[in-house]
Amino acid sequence: DWTPDTFIETTIAELKDKLQNDHVILALSGGVDSSVAAVLLHQAIGKNLHCIFVDNGLLRKDEFEQVLDSYKHMGLNIKGIDAKALFYDKLKGVTDPERKRKIIGGAFIDVFDSAAHEVQQELPEGVEVKWLGQGTIYPDVIESVSVKGPSATIKSHHNVGGLPDFMKLKVVEPLNTLFKDEVRRVGAALGIDPLILGRHPFPGPGLGIRILGEITAEKVNILQQADAIYIRNLRESGWYNKVWQAGAIFLPVQSVGVMGDERTYEYVIALRAVGSLDGMTADWIHLPYDLLAKISNEIINHVKGINRVVYDISSKPPATIEWE
Ligand code: XMP
């Protein structure tokens, strides 16, 4: 019978056996899967696990600091890397969603690779990083080897196979037999913060595909503020856990508004909240009007540059969850 405790016990024993005194590097994303994988590996090999967490400038507001902090509290050996400037620079002038994804994925591999080399250099002579740890779960394995669902073929998701060829590392994936709900149960049994375990899915390219068209630091800043207001209100009203995924989207469209006796001409924020089982299909969530009204007021009153908020009432298919 499968239980989180027996899974943890056998997996840690297997990892110890497989890895012995080897060193492992792992990229944390702040999400459930990589966090659970990291804690399992940490329990098996302790300080021989080296975690890397990259700030690509496309995370949610304050997420880098908060997540880094909670990982440190868990005792993980972690390097946080501020690569915001590099990502913004590479994304300058780019508007095509697929090109953005490729650039973000490519920049991530570059940053991760140089961080991995740094980790290597800090190790004593003769000790080598031999493994790449990954939080791949069973559905990721299926999706990457068999029939690709609509979202996998239409958009290039790059959660699997992010290993650059030149890094001759063996891959260790302790969660690759588990489904998401099992990963959450294992995470809870490991004592991981419920705030991390209960997080909505968040795409690898992050806010980069929630800012339609060109990405700039200024737009990221606007979107982060609006998104933070939205997510905080979902949490405070109890809706966060009833929604599979939610987020704000920055529309590079200006519309006319009025403030005092001034005419404004500012951007639009779209709010999206969906219910889903696996992201392949999704229904928009009927959030209460009062809640939408409160969120809209707060965003318009507090986020400079926004004078209009709209709610996305499209289901998938034909709309996708993300706007890009
Ligand atoms: P769509 O927009 O295809 O999204 O309906 C389905 C699920 O996949 C996530 N998503 C991504 N995740 N890299 C990722 O890691 C991506 O490029 C990407 N695009 C979409 C999306 O957030 C949703 O959970």
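What follows draws every value from the coordinates through simple rules; no lab data is involved. None of the values given here were measured: they were computed from a predicted structure. Reconstructed Cβ throughout: ideal geometry from the backbone, glycine too, with neighbour counts over all protein chains shown.
Odds and ends about this structure:
- Qualifying residue in segment 229-245 (condition: in contact (Cβ under 8 Å) with a residue 24 or more places away in the chain, in a strand (DSSP E or B) and surrounded by 19 or more Cβ atoms within 10 Å (Cβ to Cβ)): yes
- A Cβ distance below 7 Å, combined with a sequence gap of six or more or placement on separate chains, defines the contacts here; from segment 289-307, residues that are within 19 Å of residue 246 (Cα to Cα) and in contact (Cβ under 8 Å) with a residue 60 or more places away in the chain reach residues that are hydroxyl-bearing (Ser, Thr, Tyr) and assigned to a helix (DSSP H, G or I) in the pairs 295/230.
- Of all residues in segment 7-28, none satisfies being closer than 19 Å to residue 223 by Cα and crowded, with 21+ Cβ neighbours inside 10 Å.
- Selection count where residues are touching a Leu at 6+ places or on another chain (Cβ under 7 Å) and of a type in the set (A, V, I, L, M), scope segment 201-248: 9
- Filtered residues of segment 190-228 (kept if under 23 Å from residue 109 (Cβ atoms), under 18 Å from the mean Cα position of the chain (by Cα) and assigned to a loop (DSSP other than H, G, I, E, B)): 201, 202, 203, 204, 205, 210, 215
- Pairs where the first residue, in segment 3-24, is touching a residue at least 40 places away in the same chain (Cβ under 8 Å) and the second is among the aromatic types (Phe, Trp, Tyr), C-beta under 7 Å, 6+ apart: 19/131; 22/131; 24/131
- With respect to (1) part of a helix (DSSP H, G or I); (2) in contact (Cβ under 8 Å) with a residue 24 or more places away in the chain, the lone exception for residue 68 is condition (2).
- Which numbered condition residue 250 fails, given (1) more than 30 Å from residue 39 (Cα to Cα); (2) touching a His at 6+ places or on another chain (Cβ under 6 Å): (2)
- Pick from segment 279-296, criterion assigned to a loop (DSSP other than H, G, I, E, B) and crowded, with 17+ Cβ neighbours inside 10 Å, ranking: farthest from the ligand (Cβ to nearest atom): 287
Listed here are the residues, each with its yes/no results for (1) of a type outside the set (Gly, Ala, Ser); (2) within 15 Å of residue 220 (Cβ to Cβ); (3) surrounded by fewer than 19 Cβ atoms within 10 Å (Cβ to Cβ).
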position: 56; (1), (2), (3): yes, yes, no
position: 66; (1), (2), (3): yes, no, yes
position: 72; (1), (2), (3): yes, no, yes
position: 84; (1), (2), (3): yes, yes, yes
position: 87; (1), (2), (3): yes, yes, no
position: 90; (1), (2), (3): yes, yes, yes
position: 94; (1), (2), (3): yes, yes, yes
position: 101; (1), (2), (3): yes, no, no
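- Sole residue being crowded, with 17+ Cβ neighbours inside 10 Å, touching a Phe, Trp or Tyr at 6+ places or on another chain (Cβ under 6 Å) and either farther than 26 Å from residue 295 by Cβ or hydrophobic (A, V, I, L, M, F, W, C) (or both), chosen from 226, 248, 273: 248
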